[in-house]
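Report on the following structure.
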Amino acid sequence: MKKLRKQLTDDEPASEGAPEWLQTYSDMVTLVLTFFVLLFSMSTISKEKFEQLSSSLSAAFMGTGRGGVYGYNDGTVLYSVKENTTGDILEDGEEAFNEGKSAEIGAFTGGNADKEAQKIEDFINEVQNIVEEMDLDEYVKVIEDDKSLTVRMNSVILFDLGKADIKEPGKETLRKIGTLIKQLNKNAVIQGHTDNLPINTMLFPTNWELSTKRATNVVLFLVDECGVDPVKLTATGNGEFRPIAPNDTEENRQKNRRIDIVIDKQ
């Protein structure tokens with residue numbers, strides 16, 4: 001027994017520190033913790049993306065975005081714009097621009113802002129003259145907000161139901177308005193819109209195709225017949241997803257079947 005104890009004493013002492021199994025266990029716990037932190041980070045990012053997607057869809061389908069151009073708000077129509085071009089009132093009852101502020105802005109911009117505003121005003125006046133001369137008050141409107149000017153044309157004067165070819169009477173109206181758009185020389189988006197009645201033909205399987213083709217044909221007409229710079233034009237099809245009235249009556253559905261020429265005022 002003494003000899004055995006002596007042999008044990010002569011052996012090298014055991015290494016100090018934690019046992020090997022504890023180090024392995026610690027590594028595993030660290031990896032598991034890292035994995036769950038990664039999962040938590042991914043779930044947080046997904047939530048933010050989901051909220052952004054929800055807001056975008058809400059703006060597109062419910063008309064909650066971009067200055068009230070969409071939704072059930074018709075905006076400020078042409079005749080109101082002409083009658084109320086000065087003295088805008090803020091919500092708190094104060095005047096939007098007093099004489100001193102107007103002079104300050106004019107000095108800063110060197111008169112460019114006034115020139116652009118006059119061009120917009122002249123465009124509105126000319127469109128109104130066309131509407132009155134052609135007795136189109138019911139079918140053509142001009143809607144203005146802070147950033148854009150929209151010429152809204154009811155599709156009844158441009159297209160037959162379910163078709164995208166521009167009718168001859170509609171070409172005359174579009175040609176006159178297109179000439180003014182050329183003179184204005186600003187970027188514009190031609191938006192095609194339909195009602196929510198489904199369509200399924202060889203040419204137009206859905207309202208997406210119909211609205212896009214109508215907008216494209218208007219763009220081509222403005223370029224070929226009116227000389228508008230194609231660089232400044234964009235065609236979009238929106239189908240039935242941006243209505244300006246509920247699709248509950250034929251009258252309201254006809255309001256939703258339209259071409260919106262949205263002109264950038266900047």
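The values are calculated or read from the model by the stated rules, or taken from the named source; none is laboratory data. The structure displayed is predicted, hence computed values, not measured ones. With ideal geometry, Cβ positions are generated from the backbone for all residues, glycine too; neighbour counts draw on all protein chains shown. These area figures cover heavy atoms from the full protein model, side chains too; ligands, DNA and RNA do not enter into them. Shrake-Rupley method; radii C 1.70, N 1.55, O 1.52, S 1.80 Å.
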Every residue from the stretch 222-242 that is within 18 Å of ILE199 (Cβ to Cβ), open to solvent by less than 40 Å² (accessible area, probe 1.4 Å) and assigned to a loop (DSSP other than H, G, I, E, B): ASN238, GLY239
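One line per residue, one yes/no per condition, for (1) open to solvent by less than 10 Å² (accessible area, probe 1.4 Å); (2) in a helix (DSSP H, G or I):
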| residue | (1), (2) |
| --- | --- |
| GLU132 | no, yes |
| ARG152 | no, no |
| PRO169 | no, yes |
| LEU174 | yes, yes |
| ILE177 | yes, yes |
All positions within the stretch 151-198 that are modelled with pLDDT under 95 and in contact with a Gly (Cβ under 8 Å, 6 or more places away or on another chain): none
Test for ILE157: is it in contact with a Lys or Arg (Cβ under 9 Å, 6 or more places away or on another chain), crowded, with 18+ Cβ neighbours inside 10 Å and over 28 Å from ASN247 (Cα atoms): no
The stretch 187-196, subset assigned to a loop (DSSP other than H, G, I, E, B) and in contact with a helix residue (DSSP H, G or I) (Cβ under 7 Å, 6 or more places away or on another chain), residue farthest from GLY239 (Cα to Cα): ASN187
ALA245 open to solvent by less than 60 Å² (accessible area, probe 1.4 Å) and in a loop (DSSP other than H, G, I, E, B): yes
Contacts under 9 angstrom Cβ, first residue in the stretch 237-251 being touching a residue at least 40 places away in the same chain (Cβ under 8 Å) and closer than 25 Å to THR216 by Cβ, partner aromatic (Phe, Trp, Tyr) and open to solvent by less than 20 Å² (accessible area, probe 1.4 Å), 6 or more apart: ASN238/TYR70; ARG242/TYR70; PRO243/TYR70; ILE244/TYR70
